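Student: First the structure, which I've put down as structure tokens, then a few questions once you've had a look.
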Amino acid sequence: MKHLNIAATAFALLGAWALAQPAAADGHQARVRVVHASPDGPAVDVWVGDKPAFTNATFKGITAYAGLDAGNYGVKVVPAGKTEPAVIDAKLDLAAGKDYTVVAVGKLADIAPWVLTDNNAAPAAGKAHVRFAHASPDAPAVDVAVTGGPVLFKNVAFKQTGDYLPVDAGSYDLEVRLAGTETVALKVPGLKLDAGTVYTVFAMGLAGGEPALVAVPSVDAKAAAAHHTMPAAMPKTGAGAPARQMGWLVLVAAGLVAVLGLNARREAVTTRR
């Protein structure tokens, strides 16, 4: 019995060690994605440091998150397939454990980066989280409301967001109104919000030109995959080490259990004699 208790303790410690690894590793990185919201901007590549992180991003395009070690980075946005000219050349300060969205906003003549800090924590049971981001350079401040009903996000101007709002999962008909009025600038019918999911709805395009003003919803995080619930990826540095260590430890534990079992059987035979 003593040997079995030792074996159980060994496996319990291995299990605790394994569960602790992803959270510790994930804390070393930030996650970054890019949104192309410049209405007359060409398809672009986004360089982080000296490497292209995202390629051929087109208007209304929203990339997936990419993991980066925390720190300061130079970010350049250039026409797709080229290294210059840089239409955006900016510095990005990334903190470990945080998610960021870098939005390319404005017309090409005055395009600029707009950096959002995202909150992808999992919503409560049966709820979704949604925020509104105003990325239309010629649209005035707006209210976002349920169609014919109450205002959800009030007086949001260009390059501003409405705070994350917890809502019941379901389908919603929304409308974007000129701030403080009942004048509807954009209808957003049938916006489906799933439980356990985090969304951003971007207003892109032009209120008085082409491409026309449009709502572009983004699924930022889903239930089990929401940030801080499960890491998106292990850091690149030493990424294979935990897996190798885990395999080695499992083999050691298996061998330990086999030896202990054999010793236990020998002791039982000796006792019967």
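Student: Starting from the Kirkwood radius over alpha-carbon pairs of segment 29-118, derive D by Stokes-Einstein at 4 °C in a medium of 1.567 mPa s and give it in µm² s⁻¹.
Tutor: Numbers: Rh = 12.8 Å.
Taking Rh from Cα pairs, D becomes 101 µm²/s.
Student: Further, regarding this structure: Taking every eigenvalue of the Cα gyration tensor of segment 39-92, multiplying by 5 and rooting it, what semi-axes result, largest first, whole Å? Spell out each step's value before the answer.
Tutor: Details: eigenvalues 67, 35, 18 Å².
Result for segment 39-92: semi-axes of 18, 13, 9 Å.
Student: May I ask you to compute the full-extension gain from Lys159 to Lys51, defined as 0.36 nm times their residue separation minus their alpha-carbon distance, rounded to one decimal in nm? Walk me through the numbers before you get to the answer.
Tutor: Working: separation 108, 0.36 × 108 = 38.88 nm, distance 2.74 nm.
The span from Lys159 to Lys51 would gain 36.1 nm if fully extended.
Student: Compute the whole-percent fraction of alpha carbon pairs in segment 78-154 spaced more than 15 Å apart.
Tutor: 72 percent
Student: Taking all pairs of distinct Cα atoms, average 1/r, flip it, and tell me the Kirkwood hydrodynamic radius of segment 120-230 in Å to one decimal place.
Tutor: On the way: mean 1/r = 0.0706 Å⁻¹.
For segment 120-230, the Kirkwood estimate is 14.2 Å.
Student: Near Lys187, which lysines are there with a Cα under 24 Å away, not counting those fewer than 8 places off in the same chain?
Tutor: Straight-distance partners of Lys187: Lys60, Lys107, Lys127, Lys154, Lys159.
Student: Spin-label point model (7 Å from Cα, Cβ direction): what's the Thr183 to Ala125 distance in nm?
Tutor: The modelled label-to-label distance comes out at 4.7 nm.
Student: Let me ask something else about it. Counting only Cα atoms, I'd like the Rg/Rh figure for segment 111-158, Kirkwood definition for Rh.
Tutor: On the way: Rg = 13.6 Å, Rh = 13.1 Å.
Result: Rg/Rh = 1.03.
Student: Turning to a different aspect of this structure: On a straight-distance basis, which lysines could pair with Lys82 in a cross-link, Cα separation under 19 angstrom, same-chain partners fewer than 8 positions away excluded?
Tutor: Partners within reach: Lys51.
Student: Principal axis extents for segment 134-180, Cα atoms only, whole Å, descending order, please.
Tutor: 31, 21, 15
None of the figures in this text is laboratory data; all of them are computed from the coordinates on show. The model shown is predicted, which means the values in this text are computed figures rather than measured ones. Positions of Cβ are generated from backbone atoms using ideal geometry, with glycine treated the same way; all protein chains shown enter the neighbour counts.
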